[in-house]
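Working notes, structure below.
The values are calculated or read from the model by the stated rules, or taken from the named source; none is laboratory data. Source: prediction; values computed, not measured. Cβ sites come from the backbone with ideal geometry, for glycine too, and all protein chains shown count toward neighbours.
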Amino acid sequence: MPNYGRILAAIDLSEEANGVLERAAGMAKHHGAELHLLHVVEPLSLAYGGDIPMDFSEVQLQLEKQAEDALDKFAKQLNLPKERCHLLSGRPDSQIHELAKTLEVDLVIVGSHGRKGLALLLGSTANGVLHGA
């Protein structure tokens, strides 16, 4: 059985995030590993491809503030120090890869939900993380 020293749990802040965090916390405890949390806020310009000629900067700031508050709540539930909570902006799969490399993590845990068929096994972000690992 592998021994993990540092685990990164990438969460989407949905209700399903609790299950991902429970699993990640259990793995970290079992292995005596350092657990890090990550949430990536996707810029609205990426989601809409810049097709809408509007300034979304205020909305983006609100999304980032909500994400920060939610991430803090999850961290408190797990008694994690703030320095092990990471809030980034960009494409989730590439930001997960970058942070995992920077932190030199041994295991990345991501959730997948709301899919059917083969996509049920891996969502698009989870699939992107797997292929770039």
Segment 63-80, subset in contact (Cβ under 8 Å) with a residue 24 or more places away in the chain and within 16 Å of residue 28 (Cα to Cα), residue surrounded by the fewest Cβ atoms within 10 Å (Cβ to Cβ): 77
So residue 84, is it surrounded by 13 or more Cβ atoms within 10 Å (Cβ to Cβ) and modelled with pLDDT under 90: no
Does at least one position in segment 46-57 carry a residue that is out of contact with any helix residue (DSSP H, G or I) (no Cβ under 7 Å at 6 or more places or on another chain), modelled with pLDDT under 95 and within 17 Å of residue 96 (Cα to Cα)? yes
Please determine, by comparing only the residues of segment 10-37 that are modelled with pLDDT of 95 or more and closer than 20 Å to residue 64 by Cα, which one is surrounded by the fewest Cβ atoms within 10 Å (Cβ to Cβ). 36
